[in-house]
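One structure is given here, and the rest of the page talks about it.
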Amino acid sequence: MVPKRILIIDDEAGLCRMMEAILADSGYAAKGYTRSFEAVEEYRHGDWDLVISDIKMPGMDGLEVLSRIKAKSPDIPVIMITAHATVDMSIQALRKGAYDMLTKPFEPEELLYRVKNALKHNQLLAENRELRDELAGKFRFDNIIGDSPQLKELLHKVEKIAIRDTSVLITGESGTGKELIAQAVHYNSPRKGKRFVAINCGALPESILEGELFGTKKGAFTGATENRQGLLEAADGGTLFLDEVGNLPMNVQKTLLRFLQEKEFLRLGDTKPIKVDVRIISATNSDLLAEVKAGTFREDLYYRLNVVNLHLPPLRERRKDIPLLAAHFIKLQNEKFGTEIRGLSPEAFQSACDYAWPGNIRQLRNVIEACMAIESDEWISLPVLAQFIDIGA
């Protein structure tokens, strides 16, 4: 295991040597500088995992050292040492990005404790960055499978509206991938570092849905024994995705409209409004305008949600994407189960491309999985495929 590299800057040569020895005995690779100008000049981004610097030094003081190192490496933790700590000085150091303050004189155990904490904190930050990068990569546009002109046009629109903090309504038949498009909008927006929270508005009864969205106050109803955060609060700073938004009951529509207008809402049973910063992306497979005319969906809410519309065409209207999607699902199943199915036979391939796929991408994925579960050859044959779809349709 490569030892953590620690840069020490202190004009007291004896203290520098002492810290080098303490850290070396604990398995760290430490190097001390007694001249701050020299240390900053030789500092290179990526060479160090932690910096320890005195504040009061001749020439370039510790606050200037901190500023210059942070300019080169914004994320590196810096521990500041001082023999004359004041509240004002500590605040200055922390505002400039110092991770911790260490007051002279200090025991070796205290130094090691502060160092371990700083390195652990930095490791957690790095892991969080990797996770965010992984999530962003998962929903990059080039990872949405398809090469049809319709999909390319849609993704071009997604790319433009992702950076604009407006409400988006995604329309399309069931199984076309509306949630994946919503995730693409979120993970390519300035909100990508915050949560993407999704709820299917048609999957919960009205009595539960309102509490799930807006939360509940202790005592609001029998069994409400504590304050409970809703999904709007959970998504603060990020995105809330309302799937099948046309199924929202009228009373929930009214509360959601108030939130979109005022950026605040009330938990069930509460009288104190809660403010959050959330982008709303919604989706529906129904004709919301027809529901507005029928009086089952509020017209004012419809226009609040439908600032930008993204329409996902059904799979039958972008048949060029069927071979790419099928190959993708076959690859995923091979990786998951260690199988070696090479693809669809020529006859099965043609039938798959001719089929209307009323369940769209979701149906295609399920059919591929089912075929691979029973296929004994290296190619998915037409007889196997015919067990799951009407090849004449």
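The values are calculated or read from the model by the stated rules, or taken from the named source; none is laboratory data. Please read these numbers as outputs of a predicted model, since none were measured by experiment. Quick reminder, even Gly has a Cβ in these numbers, built from the backbone with ideal geometry, and neighbours come from all protein chains shown. All accessible areas refer to the heavy atoms of the entire protein, side chains included, with ligands and DNA or RNA removed. Shrake-Rupley method; radii C 1.70, N 1.55, O 1.52, S 1.80 Å.
Residue by residue, here is whether (1) out of contact with any strand residue (DSSP E or B) (no Cβ under 7 Å at 6 or more places or on another chain); (2) aromatic (Phe, Trp, Tyr) holds:
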residue: Glu226; (1), (2): yes, no
residue: Ala234; (1), (2): no, no
residue: Glu244; (1), (2): no, no
residue: Leu248; (1), (2): yes, no
residue: Asn251; (1), (2): yes, no
residue: Leu256; (1), (2): yes, no
residue: Phe259; (1), (2): no, yes
residue: Arg267; (1), (2): no, no
residue: Lys272; (1), (2): yes, no
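Restricting the search to region 171-197, which residues are touching a strand residue (DSSP E or B) at 6+ places or on another chain (Cβ under 7 Å), touching a residue at least 60 places away in the same chain (Cβ under 8 Å) and either in a helix (DSSP H, G or I) or among the charged types (D, E, K, R) (or both)?
Lys178, Glu179, Ile181, Ala182, Val185, His186, Arg191
Which residue pairs have Cβ atoms closer than 7 Å, lie 6 or more positions apart in sequence or on different chains, and pair a first residue in region 157-170 that is without any contact (Cβ under 8 Å) to a residue 60 or more places away in the chain with a second residue that is open to solvent by less than 20 Å² (accessible area, probe 1.4 Å)?
Ala162/Val185; Ala162/Ser189; Ile163/Ser189
Quick grid of which residues meet (1) open to solvent by 30 Å² or more (accessible area, probe 1.4 Å); (2) out of contact with any helix residue (DSSP H, G or I) (no Cβ under 7 Å at 6 or more places or on another chain):
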{"position": "Ala184", "(1), (2)": "no, no"}
{"position": "Gly193", "(1), (2)": "yes, no"}
{"position": "Ser207", "(1), (2)": "yes, yes"}
{"position": "Phe214", "(1), (2)": "no, no"}
{"position": "Asn227", "(1), (2)": "yes, yes"}
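In a helix (DSSP H, G or I) and either within 30 Å of Ser189 (Cα to Cα) or of a type in the set (Asp, Glu) (or both), is that true of Glu340?
Considered against the rule, which asks whether it is in a helix (DSSP H, G or I) and either within 30 Å of Ser189 (Cα to Cα) or of a type in the set (Asp, Glu) (or both), Glu340 comes out as no.
Please verify whether region 199-220 includes one or more residues that are within 30 Å of Glu317 (Cα to Cα) and assigned to a helix (DSSP H, G or I).
No, because not a single residue in region 199-220 is within 30 Å of Glu317 (Cα to Cα) and assigned to a helix (DSSP H, G or I).
Could you look through region 119-148, keep only residues that are surrounded by 11 or more Cβ atoms within 10 Å (Cβ to Cβ), over 30 Å from Ile52 (Cα atoms) and among the charged types (D, E, K, R), and pick out the one that is modelled with the highest pLDDT?
Per the criteria, the residue is Asp147.
Okay, residues lined up against (1) crowded, with 17+ Cβ neighbours inside 10 Å; (2) in contact (Cβ under 8 Å) with a residue 12 or more places away in the chain; (3) not hydrophobic (A, V, I, L, M, F, W, C):
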residue: Pro3; (1), (2), (3): no, yes, yes
residue: Gly14; (1), (2), (3): no, no, yes
residue: Tyr28; (1), (2), (3): yes, yes, yes
residue: Ile79; (1), (2), (3): yes, yes, no
residue: Asp88; (1), (2), (3): no, no, yes
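Hey, could you check region 154-182 for residues that are among the polar types (S, T, N, Q) and open to solvent by less than 50 Å² (accessible area, probe 1.4 Å) and say which is nearest to Leu305 (Cα to Cα)?
Restricting to residues being among the polar types (S, T, N, Q) and open to solvent by less than 50 Å² (accessible area, probe 1.4 Å), the top hit is Ser167.
Which residue is surrounded by the fewest Cβ atoms within 10 Å (Cβ to Cβ), if the candidates are limited to region 92-118 and must be assigned to a loop (DSSP other than H, G, I, E, B) and of a type in the set (Gly, Ala, Ser)? Please lay out each step first, then the result.
The first filter runs over region 92-118 and keeps only residues assigned to a loop (DSSP other than H, G, I, E, B), leaving 96-99, 104-107.
Going one step further and asking which of them are of a type in the set (Gly, Ala, Ser), we end up with 97-98.
Numbers: Gly97: 16, Ala98: 21.
Going through the qualifying residues, I end up with Gly97.
May I ask you to list the residues in region 299-335 that are of a type in the set (Asp, Glu), open to solvent by 20 Å² or more (accessible area, probe 1.4 Å) and touching a residue at least 12 places away in the same chain (Cβ under 8 Å)?
Asp300, Glu317
Only strands (runs of 3 or more DSSP E) wholly contained in region 27-91 count here; list those with 1 or more residues that are modelled with pLDDT of 90 or more and aromatic (Phe, Trp, Tyr). Steps first, answer last, please.
Values: elements: 29-33, 50-54, 78-82.
Once the strands (runs of 3 or more DSSP E) in region 27-91 are filtered for at least 1 residues that are modelled with pLDDT of 90 or more and aromatic (Phe, Trp, Tyr), what remains is 29-33.
So, in region 374-392, of the ones that are among the small types (Gly, Ala, Ser) and within 18 Å of Gly359 (Cβ to Cβ), which residue ends up most open to solvent (accessible area, probe 1.4 Å)?
Gly392
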